[in-house]
Amino acid sequence: MEPDGAPRALVMSDVAALAGVSHQTVSRVVNGHPNVAPHTRERVERAIAQLGYRPNIAARALVTGSTRTIGLVTVKINQYGPAQTMLGLEQAARAAGYSLSVSILDEATAAAMREAVDTFVAQRVDGIVALSTYDDAAAALSVLDPPVPLVAVQVGGDDDRPAVGVDQETGARLATRHLLELGHRTVHHVAGPADSQEARARIAGWRAELAAAGAPVPDAPLRGDWTPKSGYLAGKSLAARIHGGEDITAVFLANDQMALGLLAALHEEQLRVPEDVSVVGFDDLPESPYLTPPLTTVRQDFAELGRRGVQLVLSRMKGENVHPEPVPPSLLVRGSTGPVPVPGEEKR
């Protein structure tokens, strides 16, 4: 029994009484049933908001077999891309009437991915989205077969496990083509980690665009780890080669954070951007327009990526076999790129 004076928990009948509808109508609104007139749904939603009613998720799950929850497994949320994709997924899930339960893995290993998926299954989520670009996690996804729909975001899919992602190769080609069209003989690349599928796709796009233009393809990209420090070290290495007489006038980096570090290194080495070296990043960090100079970069539409990811998992819940198109990237031209330096011009 509740102690005297203790507030009684709100129930659906309280909402029904305030809205002037039946208990069954409130239940249909709460559970997202489509067969409710718009004006009736609005009246019920106003009553829910006025009372501060919160549905009993456990009880609703027993009745409907649905918790209205999507599980998200993600890796390395300290990086800009995964963090923004997670926000896009959460906003899209909320708009669809679902909550998002998040499991953030410390390492992108197969064992960690399997454990997270098993935990979500035990929690009776309606579907699972896996967000990772790393090989171990992708390998784990390829062999997992949970009893709820499992889809991938930003990691390669197949016929049985569809995926949605940004077209990384096209983004790299846009960046490389922009630099070539400015007259640069070739473009050097600072890549992400070797076990990242995103990094490898950007390398492939960079190489493909150079080959298509008949431009020299450098033997191998410099390797970074997405951090500004690795971009700084790459910048120091490239600056030494430039001062040694090598013809390096354009650099495409696999993300903006590494580009930030490279800009700092070039400045220290008294190399001007873009007069001496043009620089393009990838991601479009919020800070990128305010760097010195403002950074030309490839923008990924993380909100659209999240929307398509949620659409994909909801479609799989309905038994639909859909394979969405990749999200197209776009090139944002700013002050860090310019025409190829005039031959013989002295570098300051």
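The values are calculated or read from the model by the stated rules, or taken from the named source; none is laboratory data. A quick note: this is a predicted structure, and the numbers were derived from the prediction, not measured. Methodologically, a virtual Cβ is constructed for each residue, glycine included, from the backbone with ideal geometry; neighbour enumeration extends over all protein chains shown.
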Open item on the list: Suppose we filter Ala204, Ala234 for residues that are surrounded by fewer than 19 Cβ atoms within 10 Å (Cβ to Cβ) and either part of a helix (DSSP H, G or I) or aromatic (Phe, Trp, Tyr) (or both); which single one remains?
Closed with: Ala204
Task: the range 266-293, residues that are surrounded by fewer than 21 Cβ atoms within 10 Å (Cβ to Cβ) and without any contact (Cβ under 8 Å) to a residue 40 or more places away in the chain - done: His267, Glu268, Glu269, Pro286, Glu287, Tyr290, Thr292
TODO: Would you mind telling me which numbered condition in (1) in contact with a Leu (Cβ under 8 Å, 6 or more places away or on another chain); (2) in the same structural domain as Met258 (by TED's automatic domain parsing); (3) among the small types (Gly, Ala, Ser) Gly127 fails?
DONE: (2)
Task: Any hit, the range 75-92, residues being at positive phi, charged (D, E, K, R) and surrounded by 15 or more Cβ atoms within 10 Å (Cβ to Cβ) - done: yes
Open item on the list: Quick check on the range 48-70. Is at least one of its residues modelled with pLDDT of 80 or more, buried (at least 18 other Cβ atoms within 10 Å of the Cβ) and not aliphatic (A, V, I, L, M)?
Closed with: yes
- [ ] Residue by residue through the range 242-263, note down the ones that are under 24 Å from the mean Cα position of the chain (by Cα) and of a type outside the set (S, T, N, Q).
- [x] Val251, Phe252, Leu253, Ala254, Asp256, Met258, Ala259, Leu260, Gly261, Leu262
Open item on the list: Pull out all pairs, ordered by first then second residue, where Cβ-Cβ is under 6 Å, the residues are six or more apart or on different chains, the first lies in the range 307-324 and is in contact (Cβ under 8 Å) with a residue 24 or more places away in the chain, and the second is surrounded by 15 or more Cβ atoms within 10 Å (Cβ to Cβ) and among the hydroxyl-bearing types (Ser, Thr, Tyr).
Closed with: Val322/Ser315
- [ ] Select from the range 207-218 the residues that are in a loop (DSSP other than H, G, I, E, B) and either in contact with a helix residue (DSSP H, G or I) (Cβ under 8 Å, 6 or more places away or on another chain) or under 19 Å from Thr297 (Cβ atoms) (or both) and list them in ascending order.
- [x] Ala215, Pro216, Val217
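Return the residue satisfying two criteria in turn: it lies in the range 97-106 and is in contact with a strand residue (DSSP E or B) (Cβ under 9 Å, 6 or more places away or on another chain) and either assigned to a strand (DSSP E or B) or surrounded by fewer than 19 Cβ atoms within 10 Å (Cβ to Cβ) (or both), and of such residues it is modelled with the lowest pLDDT.
As a first pass, look at the range 97-106 and keep what is in contact with a strand residue (DSSP E or B) (Cβ under 9 Å, 6 or more places away or on another chain): 98-106.
Then drop every residue that is not either assigned to a strand (DSSP E or B) or surrounded by fewer than 19 Cβ atoms within 10 Å (Cβ to Cβ) (or both), which leaves 99-106.
Details: Ser99: 89, Leu100: 89, Ser101: 91, Val102: 90, Ser103: 89, Ile104: 87, Leu105: 84, Asp106: 81.
Among those that are in contact with a strand residue (DSSP E or B) (Cβ under 9 Å, 6 or more places away or on another chain) and either assigned to a strand (DSSP E or B) or surrounded by fewer than 19 Cβ atoms within 10 Å (Cβ to Cβ) (or both), it is Asp106.
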